Structures are given as C-alpha cells and as structure tokens.
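Mind having a look at this structure? Questions to follow.
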Amino acid sequence: MKILRFAAVGVAAALTLTACGSGDGAGDTASTPAGTPEPATIKLWLNGTDTPDALREYLTTTFEKENPGSKLVIEQQDWNGLVPRLQTALASEDQTPDVVEIGNTQSPTFTYAGAFADITDMYDELGGDKLLPGFVAAGSADGKFYAAPYYSGARAVFYNKDAFAAAGVEVPTTLAEFTEVAKKLQTDTQSGFWLPGQDWYNGAAWIYTNGGDLAVQDGSTWKGALSSPESVKGLEEVQDLFQNATHAPADSDSNEPWVPFNAGQAAMFSAPTWARWSIDLPQCNQGVAADDKSDAAKAKLADQQKCNEEHTGIFPLPGLKAGSYANGFAGGSNIAVAAKSKHPELAKSLLKIMFTEDFQNMLGQNGLIPGNTDYAASMGDDVYAKAAVAAALNAKLTPAAEKWADVEGDRILEDFFQKLATGADVKESAAATDKLIEDALN
C-alpha cells in the first residue's frame, strides 16, 4: 500500500503514521461470527459548539440503537490549540478519538500525514459527487479519500437595523460601499464593523475578491501571495477598516463577534449564518433561565428570537460590482476516521449515520450547509438561508497545501493581520509574511 508523502514535517513527525488505513491488521475491531463488530465504546471529537446538542443526542441515540451494546462518547474540543492536541492524540492508540472533526483548512496536512483511515470505498455511500467538492479535495491525497465534508459555513454580514436607520445608511451593494457604510456607522462607542486585528478569516474576503491569494503553488513548491498587487489592494482596504471603522482589539481573533454586537458595541459583524441563534439584544431578552424547559419558557424564547430577528438584518458581503458577491472564506469542517482507531468498523458505522438523509437535513435546519449538497434545501428559504447560499456561491478555501496546518499552528496570519491593525506598512509586512508562509509550506 502506498505511503503518503511526509512533507508536512511538523504534523507528520508527531504522528509517524502511514496512509495504510486502520482497516488492516491488529487495529481492526474484533467481529462476531456474523461479521458484526464486537460491542465497544468509541469516541467522537467535535469542535466548538457548531454541532448543536440536539444533533449530538441524535448521533448518540442512533449509533447505540444500530450497534447494540456499543456506546458513543462525544468530547468537545476548543478550536484554539486544536492542531497540537490532534498531533498528540492521533499519534496514540490509547488517546486517539475514533472519529474526529477537523477544520477544512487543517484537513490537507493531517490527510497527507496519514492521520486518517482510507475511506475511499465509502465515497459513493456517503454522497459521492454530491459532496462539497472543495472539502473533498481537502480530505483527499494521492487519489484516495480520507476525510469527508462535514459542513460548510459561508460567512454573511449581520447588522443592527436600528443603527443603520440612525446613521441614515442602506445595505451596501459593493465592497467599496461596505467600507463607506462601516465608517458612517462608527461612533465613539460603536464599531461600524467588528473586525478584530487577528481576524484573517474575514479579512481574507478582501484578498480573494480583489484577485489575490494567501499562497499559490509553483510546480512542487509553494509561494506566499500576500505581496501580489491584487492581495495588497485588498489588504489596504482591510487596513482602512482597522483604522477607521472598528474599535475591536488588535490582539483579538474572530471568536464570538456577536457578543459586542449584543452589547451595542458593533453595528455589523461577519460570521457563519448559524450565528443568528447567538444574537441576544437587550430589548428582546425575556430573562428565561437556561435550565427552564417549560412550555411557557419555550414560548418566551420564540418571542425573543422573533424580536431579535426584527431588529437584525443579514446580507452576503458584496463584491466589486453591484449585484456580485465577495469571495469570502468558506469555513467548515471535515470528518474522518482516525488511522489508529481500535474500532474502525464502529467508527465507519457512525460516519454512515452522519451522512444519512435525516442527519444531513438536521445540519441544514440548524444553519449549517450540509456536506452532501443534495440536502442544502433543508436550510429553508428565509433571509438567513438565502444569505448563506449566496455567500457560499463564490466562497473559497485556504490553499490545499500539505503543511497548511503548520501555517495556522504557528499563527502566521494572525500575527500578520495584527500588524496591519496596528498600522504596519502593508507591502513590507506582506513580503515578510510571504517568506514565513513559504518556510512553513516547503
């Protein structure tokens, strides 16, 4: 069996894995005479809170029903610091999760390092050509399939309708108009647009939309692309926003931008559309206790959500011309079976459940673009679903480089954008960061 290239030194050295799936050899789950895996407890790592509790309960209940005697334990991981935790856990048969969620930007590195089991034989069963193509590419290596698309979350802009009315501005139709609107919304106490200094996830939209990129492949090597004329143009626009349209801290990242929005400290923020469920404006909050599950509480929460959405609007970030959309960063995750799982057949059983019509529709109903695009209609046709789909049309992933996770693990882009937020020269900083990216990728 072909061994994957070990170009991703930082991750591969820690993992010391090969591409040989755990379906061969001693790692196989023991089977009964009928071919059914012996009962066991398997572990699923999910990151952050993007997968709602109801979906987690569905997975646990369905898995245990379909695999009598087996148990599913779901462990939530923080996105921050995920790469080193995965390096440690995936290299150990005793510590590894059996099924693991991984960010789409991190997937190529772990895929090439041999961290995941080969699931090429499941490709058609999980959705085949209906799977999100960019995510399939991020989870494939040397013609084999290792990490399936879990969900995508294209970013859109949430805005406070009352703040727009007070400033006398309308929803912008071009990227240039967006900057002007953000500046008009800026006050001494309110950011026109919440853009923390380390938020390259949102900042990348300006790079991509102007025709630039983070890195490009040149033969067998990668070159940083931040210093290209197209990227610099986008970065100068981002720096304009940093200096004139936000009070967000320069040393902060994109985590929970709805918090300052809820507090009246920002008129706009950009996030995946499932952020709608985190908006909690003071004038709408009805004081329902978190543990109150009564019918009266549910009714109050429904009224609260309705009020929030009456005062909040959403639109896809516009492109260079009216009627076009920006090339935003496509957030989201892949899902994979760990190569060192002791129970690969049970792990694959869970993976199958995650790609059933029921679960895929549940993802869509919770504002996540399902990994199987056949079920995208489950997102509905309200303004949030329309904004998500429109934003996803031209959304772009990070470069599918074998060592991209090293770029993220070293926080190269966070440091670069923070420098821009504090007034550093765009061209000089971009050129220096290109060198760091090249050193990490090659």
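Each reported figure results from applying straightforward, stated rules to the coordinates on display, with no laboratory input. Computed from a prediction, not measured in an experiment: that's the story for all the values here. No Cβ is skipped: glycine too gets one built from the backbone with ideal geometry, and neighbour counts run over all protein chains shown.
Using the 10 angstrom Cβ neighbour count as an exposure proxy, how do 311, 343 rank, fewest first? Show your work: numbers first, answer last.
Values: 311 15, 343 27.
Placing the least packed residue first, the sequence is 311, 343.
Where is the GNM fluctuation largest for the chain (alpha-carbon springs, 10 angstrom cutoff): 376, 141, 322?
In the Gaussian network model the winner is 322.
Scanning the chain for trypsin sites (Lys or Arg not before Pro) in DSSP loops with at most 12 other Cβ atoms within 10 Å, what's the longest stretch left with none? Write out the running numbers ahead of the final one.
On the way: sites that count: 2, 293, 321.
Value returned for the longest uninterrupted segment is 3-292.
Which one, 202, 73, 392, is farthest towards the positive end of the dipole of the chain when Lys and Arg carry +1 and Asp and Glu -1 on their Cβ?
Ranked along the dipole, the leading option is 392.
Please order 50, 291, 129 by the number of other Cβ within 10 Å, starting at the fewest.
Numbers: 50 21, 291 6, 129 9.
Fewest to most other Cβ atoms nearby, the residues stand as 291, 129, 50.
Among 354, 362, which comes first, then next, by fewest other beta-carbon atoms within 10 Å? Each step should come with its number before you reach the end.
On the way: 354 24, 362 20.
Going from sparsest to densest Cβ surroundings: 362, 354.
Using C-alpha positions alone, give me the convex hull volume of the range 220-290 per residue in cubic angstrom.
164
Would you please report the Å³ per residue occupied by the convex hull of the alpha carbon atoms in the chain?
Values: hull volume 62.4 nm³, N = 442.
Roughly 141 Å³ of hull volume per residue.
Taking the chain as a Gaussian network, where each spring joins two C-alpha atoms under 10 Å apart, which residue of 106, 95, 418 fluctuates the most?
Highest fluctuation of the listed residues: 95.
Choose one answer from 197, 211, 224: the residue with the largest mean-square fluctuation in a GNM of the chain with alpha-carbon springs under 10 Å.
211
Still on this structure, I have one more. Rounded to the nearest 0.05, what FRET efficiency do residue 216 and residue 166 have when you use their Cβ-Cβ distance and R0 = 41 Å? Intermediate results must be reported in sequence, preceding the final value.
Working: r = 44 Å, r/R0 = 1.06.
My answer for the efficiency is 0.40.
Apply the a/c threshold of 1.5 to the C-alpha gyration tensor of the range 241-359 and tell me whether it is rounded, prolate or oblate.
Numbers: a/c = 2.05, a/b = 1.25, b/c = 1.64.
Oblate shape, in that a/c is at least 1.5 and b/c is the bigger or equal ratio.
OK, next. In a shell of Cβ-Cβ distance under 13 Å around residue 430, excluding residue 430 itself, what net charge do Lys and Arg (+1) and Asp and Glu (-1) give? Mind showing how you got there, number by number?
On the way: positive: 223, 233, 419, 427, 435; negative: 213, 230, 236, 415, 425, 428, 434, 438.
Taking every Cβ under 13 Å from that of residue 430, the sum is -3.
Based on DSSP H runs of at least 4 residues, each adding -39500 (n - 2.57), what is the mean residue ellipticity at 222 nm of the chain after dividing by all its residues, to the nearest 500 deg cm²/dmol? Walk me through the numbers before you get to the answer.
On the way: 18 runs with 175 residues, N = 442.
Taking each H run of at least 4 residues, the total per residue is -11500 deg cm²/dmol.
Moving to a separate point now. What dipole magnitude, in Debye to the nearest 20, does the range 362-442 give about its Cα centre under +1 on Lys/Arg Cβ and -1 on Asp/Glu Cβ? Mind showing how you got there, number by number?
Working: 7 positive and 14 negative charges, 47 e Å.
For this selection, approximately 220 debye.
Explain nothing, just compute: Karplus ³J(HN,Hα) = 6.51 cos²θ - 1.76 cosθ + 1.60, θ = phi - 60°, for every residue of the range 286-298 in order, whole Hz, x for Gly and Pro.
My calculation for the range 286-298 gives 10, x, 7, 5, 4, 9, 8, 10, 5, 4, 5, 5, 4 Hz in order.
How far apart, in nanometres, would the label points at residue 358 and residue 289 be if each is projected 7 angstrom from Cα along the Cα-to-Cβ direction?
Simple spin-label model gives 3.3 nm for this pair.
Under 5 Å between amide H atoms, partner at least 5 residues away or on a different chain: which partners does residue 325 have, H built in plane at 1.01 Å?
Amide H to amide H, under 5 Å and 5 or more residues apart or across chains, residue 325 pairs with 319.
Continuing with the same structure: Amide H of residue 150: which non-local residues (sequence gap of 5 or more, or other chain) have their own amide H closer than 5 Å, using H built in the peptide plane?
333, 334, 335
Can I ask one more? If you put +1 on each Lys and Arg Cβ and -1 on each Asp and Glu Cβ, how big is the dipole of the chain around its Cα centre, in Debye rounded to 20?
Working: 32 positive and 59 negative charges, 53 e Å.
Result for the chain is approximately 260 debye, rounded to the nearest 20.
Any lysines with Cα under 28 Å of the residue 293 Cα? List them, leaving off those in the same chain fewer than 8 positions away.
65, 71, 306
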